[in-house]
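The values are calculated or read from the model by the stated rules, or taken from the named source; none is laboratory data. All of these numbers come straight from a predicted model, not from anything done at the bench. We place every Cβ from the backbone using ideal geometry, glycine too, and count neighbours over all the protein chains shown. All accessible areas refer to the heavy atoms of the entire protein, side chains included, with ligands and DNA or RNA removed. Shrake-Rupley method; radii C 1.70, N 1.55, O 1.52, S 1.80 Å.
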Amino acid sequence: MSVTMSEWAYKLRNFWREFKRQKIGLLGLALLIILVVLAVAAPLIVNPDYEKNWNLAEYWKDNPIDAPPCWVQIFSSKKYAPQRVYVWMSNDTRKQSPNIKVVLVKKGRGYAIYNVSMHYNYLWDVPPNNIKLELYVRHKTNSTKYPVFDLYLTRPDGAVLKLANRQSMTTNITSSLSSMNLGRDIRSILLEFASHYVNTTGVQPSTIKPLQVIFSKAGKGMLAGKTPPLKGEYTFTFKIIFTEPSDKVVEARMVIMGSCYGLLGTDALGRDLFAGIIFGIKWALIIGVLTSVISVFTGVFYGIASGYAGGWTDEALMRLDQVVYSMPVLPLLILMAAIWRPSIWLIILFLAAFGWPGIAIVTRSMALQLKEELYVEAAKAMGASGWRIVFRYIVPQTMPYAFASIALSVPGAILAEAGLSYLGLGDPLAVTWGKILHDASMANAVLNNLWWWVLPPGLMIALVGLTFVFLGNALDRVLNPRLQR
Amino acid sequence: MASISVEEEKFKLAAEMAADVILRVDNLKVWFPLRRSLTEVLKRMPPRYVRAVDGISFDIRRGETFCLVGESGCGKTTTGKAILRLVDIHSGRTFYRAKPETVEELAKTVPSAVHSDIVEVTAIPDKRLKPIRREMQMIYQDPFGSLNPRFKIKTILEEPLLIHKIGSTRDEREELIVKALESVRLVPPEDFMNRYPHQLSGGQRQRVAIARALILNPQLIVADEPVSMLDVSIRAEILDLMIELQKRQNLTYIFITHDLAVARYICDRIAVMYLGKIVELASGTELIEKPYHPYTKALIAAIPEPDPSNRLRMRVVPIKGEVPSAVNIPPGCRFHPRCVAFDEHKEALKDMCPVHEPPLVEVDKNHYAACWLYETFKKS
Amino acid sequence: MADELLRVENLKTYFYTLRGVVKAVDNVSFTLRKGEVMGLAGESGCGKSTTAYSLINLVPPPGRIVGGHVYLDGMDLAQMSEHELRRKVRWKRISMVFQGAMNALTPVYTVGYQIAEPMIYHAGMDKQKAMERVEELLSLVGLDPGIAKRYPHELSGGQKQRVVIAMALALNPDLVIADEPTTALDVVVQAQILNLLKELQRKLKMSIILITHDLSIIAELADKVAVMYAGKIVEWGPADVIFTEPKHPYTQALLRAIPRLRGPIDKLIWIPGTPPDLVAPPPGCRFYPRCTKVMDICRREEPPMIEIGKEHYVSCWLYAKR
Amino acid sequence: MGLARFASVQIINALIVLLVVLFIVTALFTNLADQEKKAAIEEAVAQMKPPASLKTKAEIQKWKEEQKQILYEREGLTKPYWQRVFGYMVDALELNFGEANHMASFKTQSKKVSRIILEALPNTIILFTTATLIVIAIGIYLGMKAARAAGKLLDRTISFLAMLSASLPMWWVGMLMLLLFSYKLNWFPSNAIDVYVAIRHASNILVELKDWIYYMTLPLITVVLVSFGGFAYVTRNIVLGVMNEDFVMAARAKGLPERKVIYGHVLRTASPPIVTMSALSIIGSLGGAIITETVFGWPGMGRVYWVAIQENETAVILGETFVTVFLFVATIALLNFIYGLLDPRVKVG
């Protein structure tokens, strides 16, 4: 036993000495290590809940939509408003953001007046993607006397806008400033506000970008976003009148949906694309490695069986091989996926089912050649059994080829799965890069110039592919020296 | 009753074997079927064969070196491999006088193939050949190809021991390996054990191959052109080593070569093969000095020698045409289309050579040839 | 000398490998007369094939000629530009018969076209005329002219070897380099090919450099013999002298290692040890570690080439006057 | 004779593969197709007006049940499974794939599946034949150059490009091309399907050709861009292998000009394996190419796939798959045949 152990150690050392010379191989190895670390550490890097909830639009509602990554500011003179969430909860003093103040103004018989003021210090050039104001109250269950509120916005320049008036609420009010209707359209309020500075006759409210107007200096061109940003503290104030004195504010939130988001921005649902990219690593590695390991080993053993058996067995096995080999993979996969909508594991099996014939043809010819090698005949002459010859003389000789092939067929598997996912035929539960690109295509990301949605997944596919191609080429050169030059 | 006579008949050949004969080959044929195309199968055309070995018989005495000589494709290597059961035999039988322990072992597994100390090798099924494999070994022409490039020398030599479960511990086996390396003059053995074949020279590799063949203590060695890929001086060294080992271990060699000069140097008897048949068989010196068969004559005439006066004359090689394929062997004497003697005596032989296959007959004391020239003229 | 065809002076061809510089041909000198056959003998790896390729300046990379001269009628081929070599020398003056005819023919062209190619390119013959000459050449080497239309894989080994010889004769060269022209052929075919070469050489009065490891084959053809060992010529002289009275211990041992077909069966002599690694050859005489007559000086200094008889040179301290 | 036999063997092989694939595909598909048919029949029966004579609910129910059975019978749904599979196979061989539910063909707006495919097929063939020819031309040129300068910058660049193109999704590159050339620079149209609108207004063939080129350029460039590196690399490897052969040395020794050695002896010998290898690599990218079509909206097979998948048109998907397999297998047979033409050694065997 220890004979073989030391031999293995020797071979490994030799292999490493040769491999070290292959620069691209080392690069591939380094990339692979980084990828594996990222895949394993994914739950530490991004919130693991993201993956579970990837397809739940509700889960992502606090995030800006189609926001570019924040590092774009480096290339721009403008500062982007970042994502911020301020929370105030009545029952937990630790979760009471200083930016939100809830003040009981007055309490009398049959009423109570609260002021909820939310302060936002705006220091940026590009206004937030959206602002969401949320207010949750506890209401006496059997009462029909619902509370009402007014909403004011106080701008740094002193202007006060009444965004909502005598709005009644059941238990909570959630409003996004860009789209939600707070009783009356906020756009018309802004139009009225602007009318103090510019001529607004004929301006359609729907053309106004509310956040642009809110965060710009008042003046000429303010409706078109041509005035400079107005920096300073903005305050949103809810003035709430409870007609049931026992009612009270339990939670208030101000969500500043950034005009940029995280490392890779967000998509049309507000999903964190960086998280998507990170989750995708795991799937790419699983799909690529599992598919190629299964198909290569199937191919290797199929090929050896065929070549070593010879005769009619060989003939029959090779016919079958030829048939599978001549099948176009993707169209058939499309058909199968369209019929079954398979899980990612089934897709891997499908891919592997088409991936082995090429490997089998090569291994068969290797087996045929090895079978005729003199040292194999010598082993036979020594009395070695068929199994011994296969497993000690033939299989080990095909392993270098197998290892290189595994590495080299990874990209193909990843590309095939990505293609299926892109067509919308992937596993809907796995966050793969192909799926992200599918979503991008469905949301016309290219048309809308959302490059951060389109570029990174493709680059990652290419990167993982390259990693394995690098490794595979280096392995091939080291292990199959006929290619050495 | 009938079965007994069959049994007797079966071992008649074995019983006749002289005491010093270690191997008897009787009418051995190795035919490789050609792949038939679909149309051939459909038209029910009979399968065609490459008749690599086409009915040869000879006895080999213990301790002798028996040479098979001929051009490439004459079936000499196939004969060697057929004796070792490395290729499938079409028909014919081989009998081998095995060591007592082997006979004992085979008597248990394949009793029908054993007759006193003689084993009918051709009657043993593939899976039961292992005991016989221990006694017959092969040395190959190509020292580069016959050693597994991924094994160390130690592992290469350990393989036969592991296969035959000789030496229960690693140390025991290592001792045997050291001895084997020493016996082929690869000293000190420690220097070679941990090397890989590619780290050795051609001559050293061939010595490893010899050590591997000898480590199981065989009786019979089939050496297939063991020196033809080696440089002259290494060739001399390996030949010398083989002679020395033969003396020391009482080995019997079947030595396959295309080079008559080498055959003369090492062999006791030489059999010349042409297209799957033995055409002439005699002792080394006798065959070269007094060849009977026209083919042997041509072969000898064709061999160049380090004599500078040769350049001044044209070499006369009494042969014409090229070797036909072993698929379409000419009828009658398979050599007659190329035979110069046949042309000369066409009138006398025209009913013999193209029609009937000549038998291998004794044309001189212990000198056999298969040629109508002698058979016919002897009769007349 | 008026009838001198080729003079090689201190030719050096080195291979620049990862392992180091392999001095495959190191200071090789010899001359060749018009119509003379020279045999270049030596064991595998001694540099004889590299010498041949160096003569037409076609050493495969990573090898290259690093020194010395190859004069053909006064032109130094070692210094010539690739273009000039191609136009003036290759095939017109020097052609080759390659080792392993199997691989020297391009599988996708008919053999006729391959023989005709140099005629079309060098002599500017039109295709028709070239093919006529091809048929002539094929008959010259004893083949049926109809073979011209066949592809290499349709021919037997002997036929291919003849085709390769016909190809070498296409432009009536002054010198044919035959690199192991009969290796891998059976003895009968070998004898036929050697006869053919002998016949053609007499008829066409060309010079031949015959490279082989087999001294018996050299004896069939060569007027002069050069014996190479480890990148150097150790002995060089007329065939009659070399085969009967070899001087260098290496030549002597080599001849006694060959089993003979006739005469008494002498015990063969072998040379112990292995040839040196040409990356780091031993100092002094390269043969000394294996030489039975080794002296002190052999280990230190390289022996000079000494003329020991008429046109007989040997590089050994045994014969040097000190 | 030899060649004709060689060709017929290729064709028979292709037919066998085709039949096997067809069989597998239809066997998979039969249940799904049947379900769809059943659903359609049920819907039809539900909307049928029962004859006035029938009064009770039970009677009407019974009548409807009968009608359903009649329709089932007519559609062959009552036959055993394998017979149905066989029926579908025959339909497929007759190119009778039925009708689509909603989809229509590009040009004539026909609902027949065969029509839909027939109108998409030429576009795919035009795009990929053109692309393949360009790839072969560039690939051979660069591959030969790289082989002659092995280890030099060009060689390394090509090796890298090959590795890159093995890892790049072609359709993603297409997306980037659109992003850059269509939306940013506005040089090319963003949706190639509009070509049909454009050619409707074309006054003559030249204008129509111009339109086609205008709409085809971007997808064409994409396919070429992603494929040529791999092709060049394959060429380079094969050529490099051949360049080490003895006959190349022999050709050089003959004093042939280098150009003749390289393009005559080397490339000529290397061409059969180049044909095979490159065919496989190009065909391998066919899948990616199908998706690429959808990115550009090129009115070809890929586009049809895309729409069929979005709209759940099973009959179209089946028909498409079958025709694609046929194309694929036919191409392989053709290439094997070309191989036989190029290599004199094949004919004999």
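Volume of the convex hull of the range A:1-113 (Cα atoms only), normalised per residue: 291 Å³.
Close amide H pairs (under 5 Å, H built 1.01 Å from N) link C:Ile233 with C:Ser29, residues at least 5 positions away or on another chain.
Per residue of peptide C:104-115, the mean number of Cβ atoms on other chains within 10 Å of the residue Cβ is 5.
Relative to one another, the C-alpha centroids of the range C:67-144 and the range A:147-210 are positioned 94 Å apart. What you get for the protein assembly as shown, charging only the Cβ of Lys and Arg (+1) and of Asp and Glu (-1), is a dipole of about 3820 debye around the Cα centre. The listed residues B:Glu101, D:Glu293 rank as B:Glu101, D:Glu293 when sorted by accessible area, largest first, using a 1.4 Å probe. Per residue, the convex hull around the alpha carbon atoms of the range B:80-152 comes to 119 Å³. Compactness of the range C:177-233 was expressed as the Cα radius of gyration divided by 2.2 N^0.38 Å, which yields 1.14. Sorted from longest to shortest, the spans of the Cα atoms of the range B:301-380 along the three principal axes equal 42, 34, 24 Å. Using only Cα coordinates, the Kirkwood hydrodynamic radius of the range B:250-352 works out to 15.4 Å. Taking each of A:Lys95/A:Lys162; B:Lys290/B:Lys365; B:Lys320/C:Lys129; C:Lys48/C:Lys88; C:Lys12/C:Lys247 in turn, the alpha-carbon distance tops 22 angstrom for A:Lys95/A:Lys162; B:Lys320/C:Lys129; C:Lys48/C:Lys88; C:Lys12/C:Lys247. Membrane-span-like helices of chain C, defined as complete DSSP H segments with a Cα extent of 15 Å or more along the helix axis and a mean Kyte hydropathy of at least 0.0, are identified as C:111-122, C:157-169, C:187-204. If the Kirkwood radius is taken over C-alpha pairs of the range A:391-485, then at 37 °C and 0.692 mPa s the Stokes-Einstein diffusion coefficient equals 216 µm²/s. So if the hydrodynamic radius of chain A is defined as the Kirkwood radius over C-alpha pairs, what does Stokes-Einstein give as its diffusion coefficient at 37 °C and 0.692 mPa s, in µm² per second? In µm²/s, the coefficient rounds to 120.
Of the Cα atoms belonging to the range C:103-171, the radius of gyration and Dmax stand at 10.7, 31 Å. Highest average first, the peptides A:414-421, A:208-215 ordered by how many other beta carbon atoms sit within 10 Å of their residues are A:414-421, A:208-215. Quick one: of B:Lys76/B:Lys350; A:Lys145/A:Lys239; A:Lys78/D:Lys184; B:Lys12/B:Lys127; A:Lys101/A:Lys231, which pairs are farther than 24 Å apart, Cα to Cα? Violating the 24 Å Cα-Cα cut-off are B:Lys76/B:Lys350; B:Lys12/B:Lys127. In this simple spin-label model, placing a label point 7 Å from the Cα along the Cα-to-Cβ direction at both A:Trp8 and A:Tyr146 gives a separation of 7.3 nm. Using only alpha carbons, the range C:24-92 has a radius of gyration to Kirkwood radius ratio (Rg to Rh) of 0.94. Inter-chain Cβ neighbour count for A:45-55, averaged per residue, equals 0 (cutoff 10 Å, partner chain atoms only).
Cross-link pairs exceeding 20 Å between alpha carbons, from the set B:Lys152/B:Lys179; C:Lys34/C:Lys160; C:Lys198/D:Lys254; A:Lys106/A:Lys248: C:Lys34/C:Lys160; C:Lys198/D:Lys254. For the pair D:Asp246 and D:Tyr183 in one chain, pulling the backbone fully straight at 0.36 nm per residue adds 17.2 nm over the alpha carbon distance. P(r) of the range A:197-316 in 5 Å steps, Cα pairs, percent per bin? Calculated P(r), rounded to whole percents: 2, 7, 8, 8, 8, 9, 8, 8, 6, 5, 5, 4, 4, 3, 4, 4, 3, 2, 1.
Could you state the number of Å between the C-alpha centres of the range A:309-356 and the range B:311-338? Between the Cα centre of the range B:311-338 and that of the range A:309-356, the gap is 54 Å.
By the Kirkwood approach, averaging reciprocal distances over each pair of separate Cα atoms, the range B:136-235 gets a hydrodynamic radius of 13.5 Å. Taken over the C-alpha atoms, the protein assembly as shown has Rg and Dmax values of 43.3, 152 angstrom. When shorter helices are ignored and each DSSP H run of at least 4 residues is given -39500 (n - 2.57), the per-residue value for chain A at 222 nm works out to -15000 deg cm²/dmol. For chain A, the membrane-span-like helix rule (DSSP H, alpha carbon extent of at least 15 Å along the helix axis, mean Kyte-Doolittle at least 1.0) picks out A:23-40, A:273-285, A:291-309, A:329-340, A:344-372, A:451-479; this says nothing about an actual membrane.
Charging the Cβ of each Asp and Glu at -1 and of each Lys and Arg at +1, and nothing else, the dipole of chain D about its Cα centre rounds to 840 debye. Applying both filters, DSSP loop and at most 16 other Cβ atoms within 10 Å, to the trypsin sites (Lys or Arg not before Pro) of the range C:1-66 gives C:Arg19, C:Lys34. If r is the Cβ-Cβ distance from B:Asn250 to D:Ala137 and R0 is 56 Å, what FRET efficiency results, to the nearest 0.05? Taking R0 as 56 Å, the efficiency between B:Asn250 and D:Ala137 is 0.20. Over the range D:50-170, all Cα pairs binned in 5 Å intervals from 0 give whole-percent P(r) values of 2, 8, 8, 9, 9, 8, 8, 9, 7, 7, 6, 4, 3, 3, 2, 2, 1, 1, 0, listed from short to long. Axis angle, to the nearest 10 degrees, between helix D:81-93 and the longest C-alpha principal axis of chain D: 60 degrees. With r as the distance between the Cβ atoms of A:Ser188 and D:Asn191 and R0 = 41 Å, compute the FRET efficiency 1/(1 + (r/R0)^6) and round to 0.05. Here the calculated transfer efficiency is 0.65. Peptide B:309-316 shows a mean partner chain C-beta count of 6 within 10 Å per residue C-beta. The protection proxy used here, the mean number of other Cβ atoms lying within 10 Å of each residue, ranks peptides D:214-221, C:198-205, D:131-138 as follows, highest first: D:214-221, D:131-138, C:198-205. Within the range D:44-83, the trypsin sites (Lys or Arg not before Pro) that combine a DSSP coil assignment with at most 10 other C-beta atoms in a 10 angstrom radius are D:Lys55. If the chain linking A:Phe391 and A:Leu38 were pulled fully straight, counting 0.36 nm for each residue of separation and taking away their Cα-Cα distance, it would gain 123.4 nm.
Here is the P(r) of chain C: all C-alpha pair distances, binned every 10 Å from 0, give 6, 25, 33, 24, 10, 2, 0 in whole percents. Straight-distance candidates among the aspartates and glutamates for linking to D:Lys145, with alpha-carbon spacing under 12 Å and chain neighbours fewer than 8 residues away dropped: D:Asp155.
Of all complete DSSP H helices in chain B, those with a Cα span along the helix axis of 15 Å or greater and a mean Kyte-Doolittle hydropathy of 0.0 or more are B:153-163, B:232-249. Between A:Gln204 and A:Asn448, the C-beta separation translates, for a Förster distance of 22 Å, into a calculated FRET efficiency of about 0.50. Against the empirical 2.2 N^0.38 Å (N residues), chain B has a Cα radius of gyration ratio of 1.07.
Here A:Lys23 is the anchor, and the lysines within straight C-alpha reach of less than 17 Å, apart from those fewer than 8 places off in the same chain, are D:Lys152. Relative contact order (percent) for chain D, with alpha-carbon contacts under 8 angstrom and 6 or more residues of separation? So the answer I get is 26 percent. The mean of 1/r over all distinct Cα pairs in the range A:317-379, once inverted, gives the Kirkwood hydrodynamic radius of 13.7 Å. Against chain D, whose longest principal axis comes from its Cα atoms, helix D:286-296 is set at around 70 degrees.
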